[in-house]
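Here is the structure we will look at, set down as structure tokens.
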Amino acid sequence: MKSIKSRVLLASAASLLVLSACNSEQNAQSAAPAAPVAAAPAVKGEAVATVNGTAINKSRVDMIIAHGASAGEADTPEARKSIIDKLTMQTLIAEAAVKKSLDKLPEVTEQLDILRQSVLADAYVQDFIKHNPVSDDMLKAEYERIKATVTGSEYKARHILVESEAEANAIIAELKNDAASFAKLAMEKSADAGSKLRGGDLGWFDVSSMVPEFSDALSKLEKGTFTQEPVKTQYGYHVILLEDTRPIAAPPFEEVKADLAQHLQQQNLKKDLEDLKAKAKIEIIEVSVAAPAAAAAPAPAPTPAAASK
């Protein structure tokens with residue numbers, strides 16, 4: 001069940017790299033403190049405040065609240081008042097900056113242009129997603145494609161982890177006399193706090209989630225048998241009991257539908273962005289980086305003779 005989920009999530013993560021590559025420079029610049037922005041011209045709408053005649057519209061507050069909601073912040077009267085206070089000061093400071101012609105400075109106009117490009121690029125992505133929805137038929141087809149690639153088995157096992165090979169050999173000797181005591185011995189002797197209280201039970205898992213030495217030893221066991229020699233890993237020495245195996249099963253479609261939708265949206269967006277790039281005339285002009293100035297050589301230390309003068 002975990003296998004198909006992880007494949008979908010990995011595919012989604014890979015698709016996100018495309019967006020990162022396209023916006024890395026913009027994101028890096030946007031992360032820096034933005035220069036004061038010139039006061040925007042008043043836009044018709046419900047105003048929540050005015051600063052020297054410049055309106056601060058409710059739509060702007062709503063947008064900030066929406067962004068906060070995506071991060072789990074509550075929409076409260078106090079939160080809105082705080083946002084209005086901050087927008088009021090921002091508008092006032094921006095107005096003062098314009099009066100000083102700071103909006104004409106080259107470094108400020110450059111930052112404003114970068115911010116504008118970043119906002120427009122994000123708007124393009126959101127518009128593409130809105131107008132290119134993923135249908136249920138597309139989702140089901142992708143689900144069946146990934147489902148067909150899911151192969152292998154899951155294992156249900158228990159283990160006892162100890163620090164020394166001698167301890168592991170002693171446990172194996174006890175199990176040879178009474179194999180049914182595995183859970184009891186795990187609760188008494190295992191150093192694995194995560195499974196100890198469950199009698200060493202690891203539940204169902206794919207061997208790929210375990211360290212190679214553990215997986216190799218487990219795959220050689222028959223159901224109901226335990227390792228006859230200690231299995232050494234980076235964690236210590238293991239005694240492993242294989243309880244059962246089963247084919248890896250895909251989770252229900254509805255359980256992975258949201259992840260599949262995100263995965264396909266990103267695939268479609270990736271193709272669209274690649275098409276944009278292929279049709280564009282892009283010329284990369286390499287700019288050499290000036291070598292750092294050599295540090296001034298320290299003055300020679302005075303010789304003993306000079307120091308004595």
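The values are calculated or read from the model by the stated rules, or taken from the named source; none is laboratory data. As the structure is a computational prediction, the values presented were derived from the model and not from experiment. Methodologically, a virtual Cβ is constructed for each residue, glycine included, from the backbone with ideal geometry; neighbour enumeration extends over all protein chains shown.
Kindly indicate whether ALA183 is aliphatic (A, V, I, L, M), in a helix (DSSP H, G or I), assigned by TED's automatic domain parsing to the domain that holds HIS238 and surrounded by fewer than 12 Cβ atoms within 10 Å (Cβ to Cβ). No, not satisfied.
Residue count for segment 188-214, restricted to those that are assigned to a helix (DSSP H, G or I) and either surrounded by fewer than 17 Cβ atoms within 10 Å (Cβ to Cβ) or not small (Gly, Ala, Ser) (or both): 11.
Within segment 143-170, the set of residues being small (Gly, Ala, Ser) and at pLDDT 95 or above comprises ALA157, SER164, ALA166, ALA168, ALA170.
When the residues of segment 224-235 are filtered to those that are surrounded by 11 or more Cβ atoms within 10 Å (Cβ to Cβ) and out of contact with any helix residue (DSSP H, G or I) (no Cβ under 8 Å at 6 or more places or on another chain), the one that is nearest to SER164 (Cα to Cα) is TYR235. Please go through segment 260-281 and give me each residue that is in a helix (DSSP H, G or I) and surrounded by fewer than 16 Cβ atoms within 10 Å (Cβ to Cβ), ordered by number. Once the filter is applied, which keeps residues that are in a helix (DSSP H, G or I) and surrounded by fewer than 16 Cβ atoms within 10 Å (Cβ to Cβ), segment 260-281 yields LYS271, ASP272, GLU274, ASP275, LEU276, LYS277, ALA278, LYS279. The residues of segment 234-254 that are without any contact (Cβ under 8 Å) to a residue 40 or more places away in the chain and part of a helix (DSSP H, G or I) amount to a single one, GLU254. Summed over segment 99-111, residues that are among the aliphatic types (A, V, I, L, M) and surrounded by 15 or more Cβ atoms within 10 Å (Cβ to Cβ) total 2.
Only one of the numbered conditions (1) surrounded by fewer than 16 Cβ atoms within 10 Å (Cβ to Cβ); (2) hydrophobic (A, V, I, L, M, F, W, C); (3) modelled with pLDDT of 95 or more is not met by ALA47, and that is (3).
Quick one: would you say LYS130 is in a helix (DSSP H, G or I) and in contact (Cβ under 8 Å) with a residue 40 or more places away in the chain? Criteria not met by LYS130. The set of residues in segment 158-168 that are under 22 Å from SER215 (Cβ atoms) and either outside the structural domain of GLU213 (by TED's automatic domain parsing) or surrounded by fewer than 15 Cβ atoms within 10 Å (Cβ to Cβ) (or both) comprises GLU163, GLU165.
For a quick check of your reading of the model, give me the residue pairs whose first member lies in segment 81-105 and is outside the structural domain of THR54 (by TED's automatic domain parsing) and assigned to a helix (DSSP H, G or I), whose second is surrounded by 15 or more Cβ atoms within 10 Å (Cβ to Cβ) and of a type outside the set (D, E, K, R), with beta-carbon atoms closer than 8 Å and at least 6 apart or on different chains. From residues that are outside the structural domain of THR54 (by TED's automatic domain parsing) and assigned to a helix (DSSP H, G or I), there are no pairs. Scan segment 73-82 and tell me whether some residue there is out of contact with any Gly (no Cβ under 9 Å at 6 or more places or on another chain) and under 20 Å from LEU269 (Cβ atoms). Within segment 73-82 (the criterion being out of contact with any Gly (no Cβ under 9 Å at 6 or more places or on another chain) and under 20 Å from LEU269 (Cβ atoms)), the answer is no, since none of the residues qualifies.
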